Amino acid sequence: MNAVMYGAGNIGRGFVGALLAKSGYAVTFIDISQVVINSLNERHCYPIRIVSSEGYEDVEVSGVNAIHGTDTNAVAEAIAAADILAVSVGANVLPKIANNISTGLRKRWAMTDAPLNILICENLMDADKILENLISDDLNHEERIILKNSVGFIETSIGRMVPVQTPDMQDGDPMRICVEQYDFLPIDKDAIKGEIPAIEKLVPFSPFGFYLRRKLYIHNMGHAVCAYLGIYTGQSFIYEAMADGNIHLIVKEAMSESMIALSNEYNIPMQEILYHIDDLLLRFTNRALKDTCARVGGDPARKLAHTDRLIGSALFCEKHGLKPVGIAVGIAGAIYQYLNEHECIQNDANAEKVMSELANLESNSELGSVIIEFYQMYRSGTSPAQLFQAIQNRKKQNTAEVV
């Protein structure tokens, strides 16, 4: 069996490519790093180190080779002969690879009418539609019909945490990637063309919106809340922030708010989602990953977008009649960090401007007023313990109002 892994970065090599190789596929990576390509073609293997706070396990991924992304003909031939294709290149690179994929599909269709599934491993909402449209734009009418009938554009939920690799993590081998143990790959079952791909740890699920929202509104959101509280309290690493019991409690509170909304939306038992939350909270404490608060909390403007992890999860909660108090603490922390990064004066007017322009949320809304209330607490130097107590007070107030 042949697999093409478009992108040989942290997720490409550190997760999806490794999973494909472990499942018995001969994996061809496509990338533009000549150093990575040369190494893969010389060694036909690379090391992964699975790390935890207790130690590590070294694993060799074998049976691999690589093609440079500018070698259009070689890329097209690899795609034409593939049993499965996976893509992990970054959202901004997708337009640059669409032509290579469409060329490969044409070659494939000249040889076979067997379906091809494309696993889209990008941190991007509606990634399936975006990639399909990019490829479709390069095809004629007849080819678009074949595309629609024989190519599965499959969204995935990438849950494995792979931090920025440091020289210390590489431990003398620049091809080594340090990862956490978690390696399940949920995919959109309804988008599959033909049979379900034979890949270990694959989790086909329908409706896949549950997994997409679970990843964004629980994992990504909780991670961000932890990061902003960690930055606020002067912590460098996620595990250091999680060692603060009150930060731990605030993160769990925020994730639990999304849990209730997800359970209501998809009729999934809350206990099942709670197991996932507990697992995430444990994984966030992994010292060996050395994941930094700065990385996880980077680009607060994107994370404050109306449909992204923070505002999106809060609005999703409101849709189900919930008042997202814990999430509001994380949103306030993101606003506080955004103003610091842009060297803006910390005041209510600037915070309200950020909330309006980036999050499309007004301060006179119910959610907006709660966010500003918590933002004021950040400004005054409130401790995580006081923030957590304020969450509890607000929850009691909300309960009293309902009664």
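The values are calculated or read from the model by the stated rules, or taken from the named source; none is laboratory data. For clarity, every value in this text was computed on a predicted model and none was experimentally measured. Quick reminder, even Gly has a Cβ in these numbers, built from the backbone with ideal geometry, and neighbours come from all protein chains shown.
Key figures
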read-out: Single unsatisfied condition, SER62 versus (1) buried (at least 19 other Cβ atoms within 10 Å of the Cβ); (2) more than 30 Å from LEU139 (Cα to Cα); (3) touching a His at 6+ places or on another chain (Cβ under 8 Å); value: (1)
read-out: The lone exception for LEU216 - which of (1) more than 30 Å from ALA301 (Cβ to Cβ); (2) buried (at least 19 other Cβ atoms within 10 Å of the Cβ) it fails; value: (1)
read-out: Segment 333-347 residues that are assigned by TED's automatic domain parsing to the domain that holds GLN235, paired with ones that are loosely packed, with under 13 Cβ neighbours inside 10 Å and not polar (S, T, N, Q) (beta carbon under 9 Å, 6 or more apart); value: LEU339/ILE345
read-out: Unique match (being more than 25 Å from THR72 (Cβ to Cβ) and of a type in the set (S, T, N, Q)) among SER52, SER33, SER39; value: SER52
read-out: Candidates ALA114, ALA127, ALA76, ALA82, filtered to the one that is of a type in the set (A, V, I, L, M), surrounded by fewer than 17 Cβ atoms within 10 Å (Cβ to Cβ) and farther than 30 Å from ASP168 by Cβ; value: ALA114
read-out: Filter result for ALA3 (modelled with pLDDT of 95 or more and under 28 Å from LEU280 (Cα atoms)); value: no
read-out: Segment 313-328, subset assigned to a helix (DSSP H, G or I) and surrounded by 23 or more Cβ atoms within 10 Å (Cβ to Cβ), residue nearest to the chain's Cα centre (by Cα); value: SER313
read-out: The one condition in (1) buried (at least 19 other Cβ atoms within 10 Å of the Cβ); (2) within 14 Å of PHE374 (Cβ to Cβ) that THR292 fails to fulfil; value: (2)
read-out: Options ASP168, ASP138, ASP128, ASP113: the member that is farther than 28 Å from GLY55 by Cα, outside the structural domain of ARG214 (by TED's automatic domain parsing) and part of a helix (DSSP H, G or I); value: ASP128
read-out: Flag if ASN246 is in contact with a His (Cβ under 6 Å, 6 or more places away or on another chain) and either surrounded by fewer than 22 Cβ atoms within 10 Å (Cβ to Cβ) or among the acidic types (Asp, Glu) (or both); value: no
